[in-house]
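Input: a single structure, listed below in structure tokens.
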Amino acid sequence: FENITFWRTQAAADEQSDKEHGTGLIQAVIFEAADRNNIGGSAYGGQRSICCTPDLAKLEGCKQGEVIRIPSSTDSKWPMVLNIYFGGNDLSTSMDNAKIPIMKTGMYNLFFIACDPKLKGTTMSGKTVWKNPDGYLPGRMAPLKKFYVYMMIAYLLLSAIWFSQYVRFWKDILLLQHCITAVIGLGLFEMILWYFDYSNFNSTGMRPVVITTWVVTVGAIRKTLSRLLILSVSMGYGVVRPTLGGLTSKVLLLGATYFLASELLDITEYVGTINDISGRARLFLVLPDAFLDAFLILWIFTSLSKTLEQLQVKRISAKLDLYRKFSNALAVAVIASVAWITFEVYFKATDPFNERWQSAWIITAFWDILSFALLCVICYLWAPSQSSQRYAYSEDVKDEFDDEEAQSLTRGQSDGDVNLVKQERNNGNAGVSDPEDDSEEDKRE
């Protein structure tokens, strides 16, 4: 506790004599979440009360006007209650700077409670500092520091593999592969910034505003570009169509809107704060982000369906196989996302006191793992190679189809199939039949 000071109202101070001691009591109560039922009591099976009432004083033997404290079964010193008194008719009182050693791992709560109704309207200032054995990071956030180290290593490995192919086949690189390179670079930069943000927070106890702002901004850019990349691929950009045409402005507008929604949510949740923001405020900020994500998913799968249909009609087997694999990966990612959101809602709804705090970091980590896995799939499907250009947009798709069809017709086909080809060509000279021409054509076929 550092520089904790309480101010009561002038009316409450005037009711007291300047010669009295202990004219107002405020209690600091520290308890583990598992021992929450050791604070307060209930008279005759009625509503639970934190403060000792006249009825509870008779039943529980507590002192009226103070917090009811039942010693823990594992440690009689806990829950811990510290008393702070106002003296005489003083307007303010200060709490002694103190350190409370916590010897048992758990989720702990601190409340400042005034049972005296005359102290209604009391205000306070100061701060409490919480520190774990390995630093200032809260227990539910501490594992993320190590997690981002592993994510950095994963992105470095992906970068090394991708850039080696990128440099090797530089002349055959598609514009789409340039975009993938940008997403990989932003992802690596984001993981590095997250690690430094958590590392600085752990060593100083303060969340650096500048670094945190940078990391959420880079993260918002990375998430926006990733979604626009998937949307553009689903529309067949660079593969089925050379440009997005009239959809370019709509895609850019959606990207800008998503960036602003994501940036606002992340800044409010992370920058300059270590506590979860209130439910209503977070809900207000999450809704636009969730709506835009849902709209993007709908647009992506609608565009992907049209692209698959075009490729199927044109019978471009190589590109069709590529897009089928891509659509399967997207479907798995969406199913995993919906399943995880359901689990996250269940996790938080069934843990109102944060007693499962040791595994809470997984909720945040999952989304980074999922986005990285999807990025790996995209890198695998569109890896730079000598045959990269075969996936590029071709103006004469018909010729490509004709070449593929001709190869399939002349590779290991039966005589009946060859005769069909011959007959088709002879139809151009209907009514003309020359044995010599036929024999020559048979040789050519």
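The values are calculated or read from the model by the stated rules, or taken from the named source; none is laboratory data. Remember, predicted model here, so these are calculated numbers, not experimental data. Note that we place each Cβ from the backbone using ideal geometry, even for glycine, and neighbour counts take in every protein chain shown. The protein model used for the area step is the full one, side chains on, heavy atoms only, and it has no ligands, DNA or RNA in it. Shrake-Rupley method; radii C 1.70, N 1.55, O 1.52, S 1.80 Å.
The set of residues from the range 307-319 being surrounded by fewer than 17 Cβ atoms within 10 Å (Cβ to Cβ) and free of Cβ contacts under 8 Å to residues at least 40 places away in the same chain comprises E309, Q312, V313. Residue pairs whose Cβ atoms lie under 6 Å apart, sitting 6 or more positions apart in sequence or on different chains, and linking a residue in the range 68-97 that is under 14 Å from I26 (Cα atoms) to a partner that is surrounded by 14 or more Cβ atoms within 10 Å (Cβ to Cβ) and basic (K, R), are V81/R69. Of all residues assigned to the range 110-128, none qualifies as being over 30 Å from A11 (Cα atoms), open to solvent by 40 Å² or more (accessible area, probe 1.4 Å) and not assigned by the TED database to the domain that holds F196. Residues that are under 22 Å from I335 (Cβ atoms) and touching a helix residue (DSSP H, G or I) at 6+ places or on another chain (Cβ under 8 Å) within the range 295-317 comprise F295, L296, I297, W299, I300, F301, S303, L304, T307, L308, listed in sequence order.
Only one of the numbered conditions (1) in contact (Cβ under 8 Å) with a residue 12 or more places away in the chain; (2) out of contact with any Gly (no Cβ under 8 Å at 6 or more places or on another chain) is not met by S203, and that is (2). Is there a residue being assigned to a loop (DSSP other than H, G, I, E, B), in contact (Cβ under 8 Å) with a residue 60 or more places away in the chain and in contact with a Phe, Trp or Tyr (Cβ under 9 Å, 6 or more places away or on another chain) anywhere in the range 31-44? No, that holds for no residue.
Can you say whether S94 is open to solvent by 30 Å² or more (accessible area, probe 1.4 Å) and in contact with a Lys or Arg (Cβ under 6 Å, 6 or more places away or on another chain), as far as the supplied structure shows? No: the conditions fail for S94.
Could you tell me whether any residue of the range 128-137 is under 23 Å from R36 (Cα atoms) and of a type in the set (A, V, I, L, M, F, W, C)? The answer is yes, given that some residue of the range 128-137 is under 23 Å from R36 (Cα atoms) and of a type in the set (A, V, I, L, M, F, W, C). Yes or no: I378 open to solvent by 40 Å² or more (accessible area, probe 1.4 Å) and in a helix (DSSP H, G or I)? The answer is no for I378. Per the listing A182, A220, A256, the residue uniquely of a type in the set (G, A, S), within 24 Å of the chain's Cα centre (by Cα), under 19 Å from Y380 (Cβ atoms) and in the same structural domain as L287 (by the TED database) is A182. Within the range 321-340, can one find any residue that is at pLDDT below 90 and open to solvent by 20 Å² or more (accessible area, probe 1.4 Å)? For the range 321-340, residues at pLDDT below 90 and open to solvent by 20 Å² or more (accessible area, probe 1.4 Å): present. Contact map, the range 357-374: first residue free of Cβ contacts under 8 Å to residues at least 40 places away in the same chain, second residue outside any helix (DSSP H, G or I), Cβ cut-off under 9 Å, separation 6 or more or different chains; pairs are S359/R140.
Here is a yes/no grid of residues against (1) open to solvent by less than 10 Å² (accessible area, probe 1.4 Å); (2) at pLDDT below 90; (3) within 27 Å of L260 (Cα to Cα):
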| site | (1), (2), (3) |
| --- | --- |
| Y150 | no, no, no |
| T181 | no, no, yes |
| M206 | no, yes, yes |
| R222 | no, no, yes |
| L225 | no, no, yes |
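Provide a single number: the residues in the range 66-84 that are under 22 Å from D18 (Cβ atoms) and exposed (fewer than 15 other Cβ atoms within 10 Å of the Cβ). Here the count works out to 1. No other residue among Q47, Q10 is under 41 Å from the mean Cα position of the chain (by Cα) and open to solvent by 70 Å² or more (accessible area, probe 1.4 Å) apart from Q47. Assigned to a helix (DSSP H, G or I), surrounded by fewer than 17 Cβ atoms within 10 Å (Cβ to Cβ), assigned by the TED database to the domain that holds L254 and among the basic types (K, R): does that describe K171? Answer is yes for this residue. Pairs meeting the criteria (first residue in the range 270-296 and part of a helix (DSSP H, G or I), second residue open to solvent by less than 60 Å² (accessible area, probe 1.4 Å) and modelled with pLDDT of 90 or more, beta carbons under 6 Å, at least 6 apart or on different chains) are Y270/V216; P288/A261; D289/A261; D289/S262; L292/Y258; L292/A261.
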